[in-house]
Amino acid sequence: MMSIYTTPGWEASQAKVSSRPSSIPLSVAITKRAVDLVFSLLGLMLFGALLPCLALAIYLDDPGPIFYRQRRALTLRERNTRGRCSFGEFWMLKLRSMRVNAEALSGAVLAEEHDPRVTRVGRFLRKTRLDELPQLWNVFKGEMSLVGPRPERPELLENLTLAIPFFEERMRDCKPGITGLAQISLSYSGAAPKGGPLAFLQHNLTNPYGFDAARGALADDMRTKLLFDLAYVVALDRFSTFIATELSIIWQTPTVMLRGLGR
């Protein structure tokens, strides 16, 4: 029987959701949910056909659970008087790409390029984004959307919202997604590709004050990712910009997978 590895030490948050009405037009919300249901059902059927081979490869490379379940942040709920943000939370599913108990010593940290915790098969799964396919179930359940900002880990997201102005706005009235504008445009961590459209802004986005101790900081890549996520959220304000952006991202996603642009 396939088992699921779950990050320990968490119980679902029961905080009250803010009563602030959604700013997304009803036509956008209905169409987006319809797109999510159609593509998640089709994707789950395809994933079911691939699962036996993927599961066998994962287990032979590193015996242990096939699936990995991890706590991730949902949409922004509210901000308290001290500036702290509250987010909903859910369990996100993935195919396991790292060794069992990979974070036993390091704690919650983002994956890095050439991360030694990633298995050989896991490296292939990440490059092709196949490790994300179980999240189609999260999409079907309504916890995620097919397209949207990538869901961050709550323990990391809180620090990012304090370090990067408006970082929490990428999750306002918007469900996290499997693919998205940032995911098809940037690397796994959010770094802009050399020669890309944001290359001329890199000196402003990465270590803008020139501190030696801050070189290579996580916040640098996250600032770049934020620009793309905010652009997507703005596109949701009108049906015409939403449908054009949504379909463009969905169309480009298979190319990103086939070219192995993940990490």
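The values are calculated or read from the model by the stated rules, or taken from the named source; none is laboratory data. In this text the structure is predicted, and so the values were computed from the model without any measurement. Backbone-built Cβ (ideal geometry, glycine too); neighbour counts: all protein chains shown. SASA here: full protein model, heavy atoms, side chains in, ligands and nucleic acids out. Shrake-Rupley method; radii C 1.70, N 1.55, O 1.52, S 1.80 Å.
For a Förster distance of 41 Å, can you work out the FRET efficiency between the beta-carbons of residue 120 and residue 240, rounded to the nearest 0.05?
On the way: r = 45 Å, r/R0 = 1.10.
According to the calculation, E is roughly 0.35.
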Accessible area, 1.4 Å probe, largest first: how do 232, 68, 59 sort?
59, 68, 232
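Please compute the net charge surrounding residue 61, taking Lys and Arg as +1 and Asp and Glu as -1 over other residues with Cβ under 14 Å from its Cβ.
Working: positive: 96, 99, 117, 120, 123, 126; negative: 62, 131.
Result for the neighbourhood of residue 61: +4.
List the pairs from 94/127; 141/225; 32/141 whose alpha-carbon separation is above 19 Å, in the order I gave them. Spell out each step's value before the answer.
On the way: 94/127 14 Å; 141/225 26 Å; 32/141 14 Å.
Where the Cα-Cα span goes over 19 Å, the pairs concerned are 141/225.
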Given a Förster distance of 22 Å, the FRET efficiency implied by the Cβ-Cβ spacing of residue 49 and residue 141, rounded to the nearest 0.05, works out to 0.55
Using the basic label-point model (7 angstrom from Cα toward the beta carbon), what is the residue 159 to residue 33 distance in nanometres?
3.7
